[in-house]
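Read through the structure below, which is laid out as structure tokens, and then see the notes.
Each reported figure results from applying straightforward, stated rules to the coordinates on display, with no laboratory input. Note that the coordinates shown come from a computational prediction; the quantities given were computed from them, not determined experimentally. Note that we place each Cβ from the backbone using ideal geometry, even for glycine, and neighbour counts take in every protein chain shown.
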Amino acid sequence: MNIFDIMGPVMVGPSSSHTAGAVRIGLITRKLLGRPPVRAELLLHGSFAATGKGHGTDKALVAGLLGMAPDDPDIPRAFPLAERAGMLVRLGSIVLRGAHPNSVLLKVEDERGNTLEVNASSLGGGRVRVNAIDGLDASFTGEYPTLIIRNEDRPGAVAEVSAILSRRQVNIATMQLYRNMRGGLAVMVLESDQDIWQEAIEELRACPGIVRVTYLNMEEDG
Amino acid sequence: MAFTSVEGLLRAAAEMPLWQAVQADDIRDRGADAADSWGQMARLWAAMTESVAQYSPLLRSSSDLVGGEGGLVAEQGGRLCGPFLSAVIATALKTGECNACMRRIVAAPTAGASGVLPAVLLPLQQRDGLSDEAMTQALYVAAGFGQVIASRASISGAEGGCQAEVGSASGMAAAALVHLMGGTPEQMAHACAMALSNILGLVCDPVAGLVEVPCVKRNVMGAMNALSCAEMALCGVKNAIPCDEVIDAMRSVGDSMPAALRETGAGGLAATPTGRRIAEQILGK
């Protein structure tokens, strides 16, 4: 852990895992959706469900969905602000099998009807991990610029993606592959040390067999 | 590379002031430059100061268990402890209350223990007219010791009980105080070792699982413990067990703690009849 994992972050209380981490999960979900959500269902699991209310976990998740960072003083007012922004919020609880105690399943929809389902956990100290997107396993923290590519599971897909990225001078730090079944839908998660050029992302999107490309950079606004 | 032993920290401090050794390591570790690292730490100090300044005695947590205590001590305290120590008590309560009431604080090392460092640092800065620069250096010292604690033991109550949160904060604060009073790196290590030893075994038993009772007041205990251990170290008092071994003991004590006493809200004060009744009321709300 670096010294700023020990000292800091600056955050709205009361809990780095139940509040700051929850804001971050909401914010990652908004960025993955790519547009402000107009509908959000928050299904809390484990300790999030048991003590989430007293820790403001619900407010924190909504604040993140509204685009707030973990130190935003408006976090306590997230519900009225969501109403003003036209975001419909529904709260519930769920049992996610084998999940970390501080986990949540977020189902969001933007104004165009695009939907996204994110399963994520808060690991402590404000750090988080996304476990699955739209029911497909994935594992990333958002601490690095991250590409999430959903593609048809067929030979050559990985080579094609890495060829495009290497041509565009993007250095891949980590790469993971997941799929729901052979020949079905697959997910590639790539983390990079540097910001990934928009041109590379557009080229990936144009690739046959690639269903959806999502780019997550928590350093960027929006 | 992050520091994984106090011994290593002291070796690095043979070449330069300990705070600077921690900064130099941060620069290497993250590939940051000195100004960037310093700026980030200075902002944390500013945020600690602001969170105490924005305190209001009218704040109440959503459970209504916490609020107003810092104001009471700030107003009436001092008859027994004198102005400095009562300011320490009030500052710990204020920060802990701000945290419980969803105001902005600095996790140091956690949100639950966020009151300890500001509680000892702010009143000392005021009393002795110390510069913000000196306070920022003190945060580097605290972070360096905290890094060793995190790597050898834990700074999470769910893993190691309250000894890992308020205990760690108290050890970090004791070392930072020795720095501010002009003590040696060895004295910082003794102060940290004493502070950790005193809180060894403290369980994490929050009522209703909330960071409120007994967390806010345990910040006061962590701050007062840090002051007395720093004072002892500055007078040449030594800890028989070296700091690294104390931290290792803290880990093994944490590992042997039952889950009920590690932030589950199922044991200790949380499991008392009153603790259970409060939990039922809040969760039924």
What lysines could a cross-link reach from A:K53, if we take a straight Cα to Cα line under 24 Å and drop same-chain neighbours fewer than 8 places away? A:K107, B:K94, B:K217, B:K285
Take the Cβ-Cβ distance between B:R28 and A:I172 as r, set R0 to 22 Å, and report the resulting FRET efficiency rounded to the nearest 0.05. 0.40
Summing +1 for each Lys or Arg and -1 for each Asp or Glu, what net charge is found among the other residues whose Cβ lies under 13 Å from the Cβ of A:A40? -1
Longest chain A segment clear of trypsin sites (Lys or Arg not before Pro) sitting in DSSP loops (not H, G, I, E or B) with at most 13 other Cβ atoms within 10 Å runs A:1-96
Hey, what do the phi angles of region A:192-202 turn into as Karplus ³J(HN,Hα) couplings, whole Hz, using 6.51/-1.76/1.60 and θ = phi - 60°, x for Gly and Pro? 10, 6, 10, 4, 9, 4, 4, 4, 5, 5, 5
Estimated [θ] at 222 nm from DSSP helical runs (n ≥ 4, -39500 (n - 2.57)) normalised by residues in chain B, nearest 500: -20000 deg cm²/dmol
Taking Cα atoms only, helix B:168-180 is inclined relative to the longest principal axis of chain B by an angle, in degrees rounded to 10, of 40
For a quick check, take a GNM of chain B with Cα springs below 10 Å and name the residue from B:D25, B:D248, B:D36 with the largest mean-square fluctuation. B:D36
Would you work out if region A:106-198 is rounded, prolate or oblate? Take a ≥ b ≥ c from the square roots of the eigenvalues of the alpha-carbon gyration tensor; rounded if a/c is under 1.5, else prolate when a/b is larger than b/c, oblate otherwise. oblate
Quick one: grab the alpha carbon gyration tensor of region B:198-285, order the square roots of its eigenvalues as a ≥ b ≥ c, and give me rounded if a/c is under 1.5, else prolate or oblate depending on whether a/b is larger than b/c. oblate
Let me make sure I get this right: for region A:168-207, a, b and c are the square roots of the gyration tensor eigenvalues over alpha carbons, sorted descending. Under 1.5 in a/c it's rounded, otherwise prolate if a/b > b/c, else oblate. Which is it? oblate
Top mean-square fluctuation among A:S166, A:S122, A:S139, Gaussian network model of chain A, C-alpha springs under 10 Å? A:S166
How big is Rg to Rh over chain A, alpha-carbon atoms, Rh as the Kirkwood inverse-mean-distance radius? 0.97
Placing +1 at every Lys and Arg Cβ and -1 at every Asp and Glu Cβ, with all other atoms neutral, what dipole size does the protein assembly as shown have around its Cα centre, in debye to the nearest 20? 1340
Give me A:H100, A:H45, A:H55 sorted ascending by neighbouring Cβ count inside 10 Å, so fewest comes first. A:H100, A:H45, A:H55
Please work out the C-alpha center-to-center distance from region B:95-136 to region A:64-116 and express it in whole Å. 31
For region A:54-61, Karplus couplings with θ = phi - 60° (6.51, -1.76, 1.60), whole Hz, Gly/Pro x: x, 8, x, 4, 5, 4, 5, 4
Describe numerically, in nm with one decimal, the distance between label points set 7 Å from Cα along Cα→Cβ at B:A14 and at B:S256. 3.5
Calculated from backbone phi, Karplus (6.51, -1.76, 1.60) coupling profile of region B:22-32 in Hz, x at Gly/Pro: 5, 5, 4, 5, 4, 4, 5, 5, 9, x, 8
So how tilted is helix B:34-53 from the main axis of chain B? Cα-based, degrees 0 to 90, rounded to 10. 30
Using only the Cα atoms of the protein assembly as shown, each taken as one equal point scatterer with no solvent, compute I(q) by the Debye sum, divide by I(0), and report log10 of the ratio at q = 0.10 Å⁻¹. -0.79
Sum up the charges of everything whose Cβ sits under 15 Å from the Cβ of A:G125, counting Lys and Arg as +1 and Asp and Glu as -1, but leave A:G125 out. -3
Given the candidates A:L116, A:A69, A:A85, the one whose Cα lies deepest towards the positive end of the charge dipole of region A:1-147, counting +1 at each Lys or Arg C-beta and -1 at each Asp or Glu C-beta, is A:A85
Using the alpha-carbon atoms, what tilt in degrees (0 to 90, nearest 10) does helix B:185-199 show relative to the longest principal axis of chain B? 20
